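No lab work stands behind these numbers, since they all come straight from the coordinates. None of the values given here were measured: they were computed from a predicted structure. Glycine gets a Cβ as well: all are built from the backbone with ideal geometry, and neighbour counts include every protein chain shown.
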Amino acid sequence: MEEAARAELATAPPENAPDALPGRQLAEALHQEQYPALVRFLLLNGASWAAAQDAAQDAFTQMCAPGLSIAHPKAWLRKVAWRSWVKQKIAPEELCSEPPEPHQLTMRWQTPAHAAELDEESRIVINLLLQLPAKQRAAMAWTLDGFTTEESARAMGTTPAAVRQNLTRARTALKAGLNLDSSEERTAKGEDQ
């Protein structure tokens, strides 16, 4: 099963993709920049702090496999780290296409550094993100990491239309959770008068 996953991830890149680089070289070049972003990506998907760190490190370890060449390393890292996190949470006989739901719906991954960096509004937004259904949460996490709808769909194994639909639903839920719809309506009514 591991070889099948590795073969799937190492398939030939699309025609417009950049030249693939050796995995170990990429891992050394990207670790400092991408490790924190990769952990954040997993946290926004609902991973605990420890599970996110373990899965991120596992992705970098897998990147160092001999003979592995990667054309899109940032997307590859997220896909492999996400799979590693899912494997941590689900027994092998329970593997499925759906990501696991977080057990606790509050932000439980703060470190002292995060507590100092995050303001109250950020904490509220992150807690709302963690309450979204898994597919919406995943679509938002890919988008927040700067990936296009097409890139997200390719990495998630779905269609761009499905990603757009999940993003729309997630944004609607976040607006409702932040009471942005009602404040926009009040502003619009005040301007009409």
Environment charge at Asp58 (Cβ cut-off 10 Å; Lys +1, Arg +1, Asp -1, Glu -1): +1
Per-residue HN-Hα couplings for the stretch 128-135 [Karplus 6.51, -1.76, 1.60; θ = phi - 60°; Hz; x = Gly/Pro]: 5, 4, 5, 8, 5, x, 4, 5
message: I need the peptides 148-156, 59-67, 35-43 ranked by packing, meaning the mean over residues of other C-beta atoms within 10 angstrom, with the highest value on top.
response: 35-43, 148-156, 59-67
field: Set of lysines near Lys175 by C-alpha distance (under 27 Å), chain-local residues within fewer than 8 positions excluded
entry: Lys135, Lys189
- line: Quick calc, Leu178 & Ala50: beta-carbon distance into FRET formula, R0 30 Å, rounding 0.05, result 0.55
Sequence-distant residues sharing a close amide H with Leu68 (under 5 Å, placed H): Gly23
